[in-house]
Every structure is written in structure tokens, then in C-alpha cells.
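The values are calculated or read from the model by the stated rules, or taken from the named source; none is laboratory data. All figures in this text were calculated on a predicted structure; none of them were measured in a lab. When we count neighbours, we look across all protein chains shown, and the Cβ atoms used for this are built from the backbone with ideal geometry, even at glycine. Side chains included, ligands, DNA and RNA excluded: accessible areas come from the protein's heavy atoms. Shrake-Rupley method; radii C 1.70, N 1.55, O 1.52, S 1.80 Å.
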Amino acid sequence: MSTPNLVLNLGTDEPLPITRGRLLDFPDDPIACMRKLNSRHGNVAALEDEGQRVYFAFGPELNHQILSDGTTFHSQFFAIRGSRNSPQRHLTSGLLSMNGEVHKRQRRLVMDAFLKKAILNYVPTVRQLTEEMVSQWKPGDERDINRDMTDFMLRLTSTILFGIDDVEMAYRIGHMIDHWVHMNHELGMGAFVANQGIANRYGELLEYAGKLEVEIKSMISQRKSNPTGRDALSLMISAHDEQGSISDQELIGQSALMFGAAHLTTAHTLAWTLFLLAEHPSVMTELHHELNTELDGGFPGVEQIDRLHCTERVVKESMRILPASSYSQRVNAVATQLGPFALAPGAGIVFSQFMTHHMPELYPNPEEFRPERWLTINPSPYEYLPFGAGPRMCIGAPLAMMILKSVLPTILQRFKVTALPMSEVSGKVISTMLCPTTALMMRLDEQDGRFESHPVRGNIHDMVDLREVRRSVRKAA
Ligand code: HEM
């Protein structure tokens, strides 16, 4: 990022917090870019490239301003919307592309599929798929745990959303949406650079969107002809209010969004949490004690989950330090003031979970993974926001928490997980999600309650202070 040129705020003659540089610095490395802007300018900053600006808002007060006011700050999903009435447009027309009354009504309707009553119906599926996965693992295996969690979540998300009663079709559609999401991410990143390769891939994306839409339409009509289904799609089909039910076209957009929103976020949270536990033997020892005391070796029952307080702290701390959703953006629909900037309508504004969760004034020693901090802190919804906050907070949060708090204990009662010594562990925010970018190699052993950690390489050290590894090695010596 280049040195900022001085741009004066005409009202006060103060310099405006603008860095002139490449806009591509942001998608290239979002965390490094946000950290530089924050340390150079404070809590409001802009990155400017040839007259085009992206604004950045860091910290709880600005999170509150932006996230609590859905009238001023609109959500604008996906750069690649496709032309009107195209399959690409339909597939990208889920909740995140809606605003105002349309969003409010649609959110109320789809919510039925994510209330406690519905979630209880999904538990047997979570249990079955978790037990299947764990039964295929053997002590001594060395596995890419992120790959495993991603495959597991692909099966689980497909089944819960589309096919508790028709698993084959659900998997096929889940795979297709996954592929389509990847194509969108790749093209979204390349959209800044005009070249023939990207133009060809844009054509491929539109063609694939056409095939995917046909599959989803046929799944919807099948569910409509057999309205007894227990999956989320069936619940969305039967949801209605005084204005009617969700249209087929809306169901297509909601199905694609739900899958995209649920699959990788939960998979990466599972993988990061297992890695953090492997690197923190003292935390793992306390967790092991809880699982031994509260559970009986298998998948936790619903009432048992509520008693797993240490598990809850571990999951909260993992989503604080490595939030799967690390930033998001809004566009202001009307003129507004953001810090020293008077924004004309249409400005792009980034807010960040990662930056908020790493503020030392909110979380002392923010780079340390310390689940016990949750015994004494109670942050506001704008200080701790792994699932977002305000009127478009994640509707899948209770479902995700149920999955995390039952799958992790099931794995950890059976297996001890250890990172491979000196393996590389790196991550990057890709399209708002903090993803492992290398294989997350872990060794699985029969659980014996004796924990030790191993040093690893990679940029994980820029995000998490792993000195406990060194401290415990020193203590043992
Ligand atoms: C650990 C897992 C998850 C994380 C970290 C996560 C995170 C988030 C975040 C941060 C937002 C707000 C985005 C914004 O304000 O721009 C969001 C929205 C959303 N999430 Fe999740 N999510 C997770 C799991 C799920 C699951 C399991 C579902 C279920 C299908 C889901 C469905 C949605 C939907 C539909 C929205 C849009 C809500 C709206 O615009 O009204 N998410 N999620």
C-alpha cells in the first residue's frame, strides 16, 4: 500500500484518513490491508484507487451505526448478479440480496426452518453423519482435518437443507452449489482485471448457473408433490403469511444462499477449533475433563449439550480469534456521515469481525486463545459478532452452534488430535471467509487424556499467539 497523500476535510481543514493505493490490495490480503489502514488512520479509513474509494469502519461503535440501521446501510450480495431473469440472477437472489420490507418479510418466512423446533428434527441427521465420519477414522491416521470437515459439512448441509428424505439428490445439488460458489468466488476476485480468460469463464459460470437452476427447480417441484418432508426446503415451501408463500423463484435464491452461507463457515470453524485445541494442551485438558464428566463416550443428547460450559467457551473463543466470517460489506442507500466522511449514496463500506475481535481494549492480549476469558466478559452484540448483528444477523446461528457443540465433543471423546510437527498452517480471507489455505494436517490417536502440542509454521502466527507450545516445552524441560 502506498503512502497516503494529504486530502483535506473541507469542513475542518483536517486531513481525511485516506490511503491512496491499489484497491486490489484488499482482496489480495484483507487482514493485512485492514490492519495497515487501522494503524495508520484509526477507526474510519478509506482506500482510494483512481478516484474509486472503499471505506472501512472498525470497532463496536461503527459496527452499531452500520449494522443496526438497515434503512441507510444496504446489503449488496455478490458482484456477479447476471442479467434480469437469468438463472444467475435467480440464484443470487437470496436474503443477502434483499433489503427493506422485502427482506423483513422473506426473513420471517424462511426463519421457520431455523427455529428450535426445526433444529431438533435435524439432530438425528447430525448424529448419524458424525458417527459415520468418526467410525471411518483410525488411530494413527494423519488427515487434512479441514478437508474432512468440508466434506462432512457438504453432506450435512445438503441433507438438512434439501433431503433428509432423499439424500442422493440432496448431495448432487449440494455438490453443484458448492462448485457454483467456487466459480463465483474465482470470478469475483478476477473481476478487476479484464482479460479473455475471465470473459470465457464468465460464460461458463452463466451456463453452469442454468444447469443448477434446472436441478433446484426439479427438487422444488418434487418436494411440492410430496409435502411431508422434514428438511429446511420443505419447511420453507410450507411457510406462508397473509401475503402468501415464498415463490419458486425466491426459493431458488434462498436455497443457493442457505447452502453457501452454512457449508464452509461451519466447516472452517470446526477445523480451526480442532487446530486451536491441538495447540493448547491446558485448554484441551480442561475440556477433556468436562467431556468425561458430562458425556458417556458418544454423541451428546440435547439436554447434555446445555451442560457443556467449557465446550461453549472454547467455541466462542475460537470464533473470536479466527472468525470464519471475517468481514462483510454494506452500501449506503442514502447520503450519510461515516466519521469524517460525508458519503454520497452508493459507497461501499467494509466492517470487520476479525478487526473488532482483535481489539486489545475489548479483549486483552487478543492474539491469545484463552477460553477462560469468557468466564468474566460479556461483550455487547457489536463487540462480539461472529454471526453478524442487527436485523440481518445470521439466521443459522443456533443451528451452527448445535452442530459445533455436538460434533466437536463426539470427535474429541474418541480421538486425540495433534498438529503434525512443523507442518504449515496458513489462512486467508477469501470472499469474506477466513479459510485455511494449506492442508490442516493433524494426527489422530486413541483418546488417552495426555496432551502435548507441536510447533507449526505458517502465517497462523500473524493471527494467533501460539507461545503456549513453547511455554509447555520449556516447563517439561
Ligand atoms: C459457524 C457458522 C456460521 C457463521 C460464522 C455465519 C456467519 C454469518 C454472518 C456474519 C452473517 C451476517 C452477514 C452480514 O451481516 O453481512 C450471516 C448471515 C446469514 N447466515 Fe450465517 N453463519 C454461519 C452458519 C450459517 C448456517 C448454518 C446457516 C443456515 C442455513 C446460515 C445462514 C445465513 C443466512 C441466510 C444469512 C443472511 C441473513 C440475512 O441477510 O437476513 N449461516 N451468517
Task: Gap separating the Cα centres of the stretch 76-109 and the stretch 148-185, nearest whole Å - done: 20 Å
Open item on the list: With a 1.4 Å probe and all protein chains left in place, how much of the accessible area of the chain comes from carbon and sulfur atoms, in whole percent?
Closed with: 52 percent
Open item on the list: Which of rounded, prolate or oblate describes the chain when judged by the alpha-carbon gyration tensor and an a/c cut-off of 1.5?
Closed with: oblate
Task: Computed FRET value (nearest 0.05) for GLU368 with GLU303, which takes r as the C-beta separation and R₀ as 30 Å - done: 0.35
TODO: Could you tally the net charge around TYR122, taking each other residue with its Cβ under 14 Å from the Cβ of TYR122, Lys/Arg +1 and Asp/Glu -1?
DONE: +3
Task: Estimated dipole of the chain in Debye, rounded to 20 [Cβ of Lys and Arg +1, of Asp and Glu -1, Cα centre] - done: 280 debye
Task: Using a Förster distance of 60 Å, the FRET efficiency for THR376-SER245 (Cβ separation, nearest 0.05) - done: 0.80
Task: Loop GluC sites (Glu not before Pro), the stretch 367-460 (other Cβ atoms within 10 Å of the site Cβ: 16 or fewer; DSSP) - done: GLU367, GLU368, GLU452
TODO: With a cut-off of at most 10 other beta carbons within 10 Å, and DSSP calling the residue loop, which chymotrypsin sites (Phe, Trp or Tyr not before Pro) in the stretch 35-99 qualify? Please list them.
DONE: none
Open item on the list: Before I look further, what does the stretch 122-258 give for accessible area per residue, probe 1.4 Å, in whole square angstrom?
Closed with: 46 Å²
Task: With 10 Å bins from 0: P(r) over the stretch 123-243, alpha-carbon pairs, percent - done: 11, 31, 29, 21, 7, 0
TODO: Work from the charge dipole of the chain (Cβ charges, +1 for Lys and Arg, -1 for Asp and Glu, about the Cα centre) and give the residue of THR356, GLY260, ALA46 farthest towards its positive end.
DONE: ALA46
Task: Approximate spin-label separation ALA342-GLU361, in nm, with each point projected 7 Å along Cα-to-Cβ - done: 2.7 nm
- [ ] Please identify every one of the trypsin sites (Lys or Arg not before Pro) in the stretch 48-132 that sits in a loop by DSSP and has no more than 12 other beta carbons within 10 Å of its own beta carbon.
- [x] ARG84
Task: Probe 1.4 Å, protein heavy atoms only - accessible area per residue of the stretch 307-452 in square angstrom - done: 36 Å²
Open item on the list: Test of understanding: what is the full-extension gain from ASP465 to ARG105, defined as 0.36 nm times their sequence separation minus their Cα-Cα distance?
Closed with: 125.2 nm
Open item on the list: Sequence gap at least 6, Cα distance under 8 Å: using those rules, report the relative contact order of the chain to the nearest whole percent.
Closed with: 21 percent
